[in-house]
Amino acid sequence: MATVKVFGLPLTNTARVMVCLEEVGAEYEVVNMDFLAMEHKSPEHLARNVTTDSVSGSPCSRLAKGILGQIPAFQDGDVVLFESRAICKYVLRKYKSAEADLLREGDLKDAAMVDVWTEVEAHTYHTAISPIVYECLLKPTMLSIPTNDKVVEESLKKLKKVLDVYEARLANHKYLAGDFVSFADLNHFPYTFAFMATPHASLFDSYPNVKAWWERLMARPSMSKLGADMAAAVKAA
């Protein structure tokens, strides 16, 4: 039985963790959380949103238990983590090898570029693309809530500006941090994959360098495998 457990759904942020685990070849178990039943707000799961060195009853502990309830959560023995990008870095550091060196921390320049584009994804790309995914895919499919077309329109405008920057970057580099695949690229997997299931997927056709980059990523065994799992999860929702 795998000692590493990922608590969540094989979608969005949980898939970010899963793709990193797949890349490094780690064994893991996904513990599905019933989002609609608010299982992620259960006392058991809220406890996973408190770091292992938190003091029970401390303000930090009470705050985390009261308002977080985030998925994914992650357990590796006595290490319990939340926040998908932090989990990913833990995984990539623990299982680093010559074949899976996705943070490039042994090279100062490479590591800095990975950090730069990881930040761009988190604060610029993600904030533009995620509302489109929620409005066009998750809300109508999982929650039976109509799409807010105004939110989608505004987010598409933002995303186009971001893709302009990516298109220029990828004109000169195979991947975002350089000519090597890295965590910066992997970060884009869950929401970009979900975006491709929306009516706006053809937007990438206007950005040939971005489209070629995405196709290279999707050809990786990790993303190909998880993409099939995510498509099945959306279909079953």
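Quick check on Ser202: is it closer than 14 Å to Val19 by Cβ and among the small types (Gly, Ala, Ser)?
Taking the combined requirement at face value, the residue does not satisfy it.
Which residues, taken from region 83-100, are within 21 Å of Asp179 (Cα to Cα), assigned to a loop (DSSP other than H, G, I, E, B) and open to solvent by 50 Å² or more (accessible area, probe 1.4 Å)?
Lys96, Ala98, Glu99
(1) open to solvent by 10 Å² or more (accessible area, probe 1.4 Å); (2) in contact (Cβ under 8 Å) with a residue 12 or more places away in the chain: which one isn't true of Ile145, the others all being true?
(2)
Going by what's in this entry, would Ala111 be described as assigned to a loop (DSSP other than H, G, I, E, B) and open to solvent by less than 40 Å² (accessible area, probe 1.4 Å)?
Taking the combined requirement at face value, the residue does not satisfy it.
What's the total number of residues in region 1-28 that are under 15 Å from Asp76 (Cβ atoms), in contact with a Pro (Cβ under 7 Å, 6 or more places away or on another chain) and among the polar types (S, T, N, Q)?
0
The values are calculated or read from the model by the stated rules, or taken from the named source; none is laboratory data. Here the structure is a predicted model, which is why all the values come from computation and not from measurement. Don't worry about glycine lacking a Cβ; one is built from the backbone with ideal geometry, like all the others, and counts go over all protein chains shown. Heavy atoms of the whole protein, side chains included, go into the accessibility calculation; ligands, DNA and RNA do not. Shrake-Rupley method; radii C 1.70, N 1.55, O 1.52, S 1.80 Å.
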